[in-house]
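The values are calculated or read from the model by the stated rules, or taken from the named source; none is laboratory data. Worth saying up front: this structure is predicted, and the values here are computed from it rather than measured. Reconstructed Cβ throughout: ideal geometry from the backbone, glycine too, with neighbour counts over all protein chains shown. The area values use the complete protein model at the heavy-atom level, side chains included, leaving out ligands, DNA and RNA. Shrake-Rupley method; radii C 1.70, N 1.55, O 1.52, S 1.80 Å.
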Amino acid sequence: MTDTRIPERARVVIIGGGVIGASVAYHLTREGWTDVVLLEQGRLSGGTTWHAAGLVGQLRSHSNTTSLIRYSTKLYAELAAETGLETGWKNCGSISVARTDERMTVLRRTAASARAQGVDCEIIGADEAGGLWPMMETRDLKGAAWLPGDGKANPTDLTQALAKGARDRGTRIFEKIRVTGIRTRGGAATGVETDQGAIEAEIVVNCAGQWARKVGLMAGVGVPMHSAEHMYVVTGRIDGVTPDLPVMRDPDGYIYFKEEVGGLVMGGFEPEAKPWGMDGIPDDFEFQLLPDDWDQFEILMENALIRVPALEKAEIKQFYNGPESFTPDGNFILGEAPELRNFFVGAGFNSMGIAGAGGAGRALAEWIVNGAPTMDLWPVDIRRFAPFNNNPRFLRERVKETLGLHYAMPWPNRELQTARPFRRSPLYDRLAARGAVFGSKMGWERPNWFAGPGEPRETRYGFARQNWFDAVGREHAATRTGVAVFDETSFAKLLIQGSDAAATLGRLCAASVDVAPGRTIYTGMLNARGGYESDLTAMRLSEDAYLLVTGSAQPVRDADWIRRNAPDGARAVLTDVTSSWCVLSVMGPASRDLLARLTSADLSNAGFPFGTHRWIDLGDATLIANRMSYAGELGWELYAPTEMAAGVYDALHEAGANLGLIDAGYYAIEGLRLEKGFRAWGRELTPDVTPWEAGLGFAVALDKPGGFIGREALLTAKEAGPPRQRVVQFVLDAPEPTLWGGELVLRDGAPAGELRSAAFGHTLGRSVGLALLESPDGIDAAFIQTGRWEIDVAGERWAATPHLRPAYDPSGARVRADASG
Ligand SMILES: Cc1cc2nc3c(=O)[nH]c(=O)nc-3n(C[C@H](O)[C@H](O)[C@H](O)COP(=O)(O)OP(=O)(O)OC[C@H]3O[C@@H](n4cnc5c(N)ncnc54)[C@H](O)[C@@H]3O)c2cc1C
C-alpha cells in the first residue's frame, strides 16, 4: 500500500523507489530520521531492480566495498524476521572457476585478500568444484575458489521488504509521482518539484537509477553514468539443478549461473558491451525489457555450452535484456554532490545494486545523518569525478568497456582503453615521440614508462615482472645516480587567495602553514576522526596566497573539503588552477648541475634550501621552482605556465643530454617513493588512518595557535597508547617475487594486514611495499621487530623484513625530507 497525498515538506526526499532508494529510506529511519518521503515515478522496483538476477558476491577490490556487501548479506538474512516479508535470500555460496593459470593466480590472490578481510574463501581443485556443481564440465579447469558466505536474493521482494521496514518506522512512500525539478537556494538543495506539486526538504537524495544523470542535471550536478544492455536467459528445469546449488562464475567465459525454479539463470559480462539510451531514458520505461539480442549474447551462450553442456538440450524459457547504468570506472556513485549542498546521490550501480544495496544504503544514510561518511568510501565517492566525466560521448564509449570489467582479468596496472586519449598535457606529443607508454588518471594521459628503441610500446600484463621491468630499472637508476625528468602536469593545483587564506588553511591543515612566503609545507588535511582527507604540499606564494598541490585524482574532493570546512565568512577564494600549470620534476643528484646550466638562480643548498620555492628564470621561461622530492633525491619541481612547458622541456633535454638526462614515468615514481617509504593518499593514507598510524607525526603541529580539524581526535589517540593499525614498510627477503599491492601480510603465520602499495625497488634489488597492519592489542616497535613476517604472493608465503625507518635512506633523513644536499 502506498501513501496518496504528497506533503508540503519533509526532512528528506528520496527520488527513486528501486532497491537503492528503499535501502536509503530503511537505513535513514534506522538512524532515527523518520520524516522521510520516497517518490517513485512508476511502481516500486519497476525500473531496473525487478529484472536483476539477484547474485550477491561479497568480494570486491577494496576492503571497505567488500565490507558494505558483507553487511548486505547479514541484513538480507535478517530482514524477513524484522519486516515479515521474505527477501528470497539464500546463502547458497558461490564458486569461481579458472580456465587458465593466470586466472588461478587471481583466485589465489583473492583467497588471500579474503583472509585479510575476514571473508571465508577456500581454493579447491577442479574435481571438488565439480562435486559442488555436478552439471559443470571440469576437465579444462585449473581449479576454483569457494566462497560459502555468498548467496542470492529476490530483488523485488528485497525492495518490498526494505520499503516495509522503512514505512514501519515512518517513511511515506508515493508511487506514480515524478520529480520534475530540484529546488535550490544559496548553493543548497531545498526541495523538489513534482508533477503533483512541490515538497520542501532539508535533504534531497537522488536514487533514480538510470535516470540519475538526468535528475542530477536538473540540479546542475554531474552523475556520470550511461546505460548499457545487460542480458541473461532463464531455462526450464534441468536434471541435477537443486535449490541449494551454489552460484557459479566462469569469468574466463564471461558467464555466471544460478538456480531458479529448478532451471538455470545464465548471464554474463561480455567484453564489449552495447550502450543504450543515447537519446535519454524514457520516463515510462517501467517493468519493461529491451528486445532479445542473440548476436550480442552469442559469446556468452558459446561459453555457457562449454561449461554446462546440459544447456544444449534445455528449454530457454525467457530472455531478459534489461538496461543497467554503468560508470566510467565500474564503481558506483555515493555521496553529497560537490556542486550542491544537501543533494546526495546513490546511483550507477554497474550491475551490483542488489549485492550493494544494503551496505550502500547504510553508508549513504550515515553520510546524510553525520554530515560525513563514517568510513573511507573513496572508491565510490562522487567526488572522484569531475564535470568532464559527464560528457555523454565519453560515457558512451567508456561503458562499452566497464561492463566487462566484472570478469576481465584484474591485471596489476590494468589500464582502461576506451575514450582515450582524453586529457593531454601540452607535452603529450613530445613524450610520445620519446617512447612514452601512457596510463590514465583522472582522465590525464600520463607516461607510465618509456620504451627504449626497439622495445614494444605497450604494457604486456602479467603477475610476474612485466615487459617494462628493465625500462623502469633504467629510469630508477637515472633518478638515483644521475638525473631524470618526470611530467607531473596532472597534479591537482588549487590556488587559495585572500586576507584569510592563511587562517583558513591553518584550520584545515595539521601542520603549521603560517610560514614565510617562499616556504613549502607538507601537510595532511584531517577529518574530525583524525584521518587523512588529503595530504598535500602548500606553497606560500605571498602573504595572502597559497598554491596547494595535491594528487591527480583529488581536485574535486580536496576543493570540496576546503570549501565545506572553511570558517564561515572567511575572506578566501579557492580556484582550481590545474590546467594553468605544467609540472616538470627534475630529480636526481645531477639535477642541480642540469638546472644551473639554464638559470641564473642560486641553486646551492644555502641559497635554495629544501622546502622552499621561488620564481626563477629557466631558459626563455620564468617559472616557479619548488625544492621537493617524492623520489627521495635532490630535485626541483618546475611549475611552468602551460604555454611555456614545451620550451622548458626542450631546454632541459638540450642542456641535459651530456648529463645523461632521461624521461621517466609513474612506474618509476612508485618504486622510488616506496623505497623511501613515502606514503600516498588513497593507499596508505585514507580517511580511516591518522598521522600517528601513518608514521607521519612530524607533519603535525599539535600546539599551533587556533588548533585544526582533527586535533582533538589525535590528542585522544595519543593518550590511548600504541595504535591498533600502523603503516609499515616491508622488503621481501628474496629478490624474485613480484609484489603489486593488495597482498596479505602474516605475522607468525596469522593474518596481520595487507600491502596497500608495492613495487620493485631497483636500488634495493627486491620488492618493497607499505602495509597497513592491524592488531587489536596495539602495534608498537616491539610488535613489529619480534614477529616472523611473511607476505602471501598468490598462495606462496615469502619471508619479509619490516622497516621502521626507510629501507632506502642513504643520509638517514626523515620521511619526506630530501635526502641529499
Ligand atoms: C539483466 C540484469 C541483471 C542484473 N543482475 C544483478 C545481480 O545479479 N546482482 C546485483 O547485485 N545486481 C544486478 N543487476 C543490477 C541491479 O539490478 C541494479 O544495480 C539495481 O537494481 C539498481 O537499483 P536502483 O535503485 O539504483 O535503480 P532502479 O531500480 O532503476 O530504481 C530507480 C527508480 O527511480 C525511479 N525514478 C527515476 N527518475 C525518477 C523521477 N524523476 N521521479 C521519481 N522517480 C524516478 C525509477 O522509476 C526507478 O524505479 C542486474 C541488472 C540487470 C539489468
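Could you give the accessible area per residue of the range 126-167, probe 1.4 Å, as a whole number in Å²?
36 Å²
For the chain, calculate the relative contact order in percent as a whole number, restricting contacts to Cα pairs under 8 Å that are 6 or more residues apart.
11 percent
Which shape class applies to the chain: rounded if a/c is under 1.5, otherwise prolate when a/b exceeds b/c and oblate if not, where a ≥ b ≥ c are the square roots of the Cα gyration tensor eigenvalues?
prolate
Compute, for Arg766, the solvent-accessible surface of its heavy atoms (probe 1.4 Å) with the complete set of protein chains present, and express it in square angstrom to the nearest 10.
80 Å²
Leaving out ligands, DNA and RNA, and with a 1.4 Å probe, what % of the accessible surface on the chain is carbon or sulfur?
48 percent
Separation of the range 12-40 and the range 758-815 by C-alpha centroid, Å?
Comparing the Cα centres of the range 12-40 and the range 758-815, I get a distance of 45 Å.
Positive end of the dipole of the chain, charges at C-beta (+1 Lys, Arg; -1 Asp, Glu), about the Cα centre: which of Met248, Val727, Val793 has its Cα farthest in that direction?
Val727
What distance in nm separates the simple spin-label points at Lys313 and Phe698, each placed 7 Å from Cα in the Cβ direction?
A separation of 7.3 nm, rounded to one decimal place.
Tell me the label-point distance for the pair Glu137, Glu102, using the 7 Å Cα-to-Cβ offset, in nm and rounded to one decimal.
Distance between label points: 2.2 nm.
Magnitude of the Cβ-charge dipole of the range 407-527, K/R +1 and D/E -1, about the Cα centre, nearest 20 debye?
160 debye
If you place +1 on the Cβ of every Lys and Arg, -1 on the Cβ of every Asp and Glu, and leave all else neutral, what size is the dipole of the chain about its Cα centre, to the nearest 20 Debye?
Once rounded to the nearest 20, the dipole reads 1260 debye.
For Ile306 and Glu82, calculate 0.36 nm times their separation in residues minus their Cα-Cα distance, and state this gained length in nm to one decimal.
Stretched fully, the Ile306-Glu82 segment lengthens by 76.4 nm.
How do Met136, Met218 rank by accessible surface area computed with a 1.4 Å probe, from largest to smallest?
Largest accessible area first, the residues go Met218, Met136.
Using C-alpha positions alone, give me the convex hull volume of the range 205-313 per residue in cubic angstrom.
146 Å³
Whole number in Å², please: accessible area per residue of the range 432-530, 1.4 Å probe, ligands, DNA and RNA not counted.
34 Å²
Subtracting the Cα-Cα distance from 0.36 nm times the residue separation, let me have the gained length for Asp602 to Ala528 in nm, one decimal.
In short, 22.4 nm is gained.
So who's got an amide H within less than 5 Å of the one on Gly761, skipping anything under 5 residues away but keeping other chains? H placed 1.01 Å off N, in plane.
When sequence neighbours closer than 5 places are left aside, the close amide H contacts are Arg766, Ser767, Val768.
Could you put Val700, Val204 in order of accessible surface area, largest first, with the 1.4 Å probe and the full protein assembly present?
Greatest to least solvent exposure: Val700, Val204.
Where does the chain land at 222 nm, in deg cm²/dmol rounded to the nearest 500, when only DSSP H runs of n ≥ 4 count, each adding -39500 (n - 2.57), divided by all residues?
Result for the chain, helices only: -7500 deg cm²/dmol.
Could you give the size of the charge dipole of the range 343-440 about its Cα centre, using +1 on the Cβ of each K and R and -1 on the Cβ of each D and E, expressed in debye and rounded to the nearest 20?
So the dipole magnitude of the range 343-440 works out to roughly 440 debye.
Quote the accessible area belonging to Thr481 in square angstrom, nearest 10, computed with a 1.4 Å probe and with ligands, DNA and RNA left uncounted.
Probe radius 1.4 Å; accessible area of Thr481 about 110 Å².
If the cut-off is 26 Å between C-alpha atoms, which lysines fall inside it for Lys258, apart from same-chain ones fewer than 8 positions away?
Hits, sequence-local ones excluded: Lys74, Lys90, Lys142, Lys152, Lys274, Lys313, Lys317, Lys400.
Per residue, how many Å² of accessible area does the range 66-111 show with a 1.4 Å probe?
Accessible area per residue, the range 66-111: 39 Å².
Could you tell me whether the range 390-488 comes out rounded, prolate or oblate from its Cα gyration tensor? Rule is a ≥ b ≥ c as square roots of the eigenvalues, rounded for a/c under 1.5, then prolate if a/b exceeds b/c, otherwise oblate.
oblate
At a Förster distance of 41 Å, what's the computed FRET efficiency of Asp593 paired with Arg460, Cβ-Cβ distance as r, to 0.05?
Efficiency, from the Cβ-Cβ distance: 0.70.
Counting just the Cα atoms, what span does the range 505-659 cover along each of its three principal axes? Round to the nearest Å and put the largest first.
For the range 505-659, the Cα extents along the three principal axes come out at 53, 31, 27 Å.
Lys176: which lysines have alpha carbons under 25 Å from its alpha carbon, excluding same-chain residues fewer than 8 sequence positions away?
Cross-link targets: Lys164, Lys214.
I need the calculated FRET efficiency for the pair His62 and Asn370, taking r as the beta carbon distance and R₀ as 22 Å, to the nearest 0.05.
0.60
Which value, in Å² rounded to 10, gives the accessible area of Phe287 with a 1.4 Å probe and all protein chains present?
Taking all protein chains as shown, Phe287 has close to 100 Å².
Please state the shape class of the range 710-821: rounded when a/c is under 1.5, otherwise prolate if a/b exceeds b/c and oblate if not, all from the C-alpha gyration tensor.
oblate
Assuming R0 = 25 Å, what is the FRET efficiency of Ala570 and Glu719, from their Cβ-Cβ distance, to the nearest 0.05?
It comes to 0.20.
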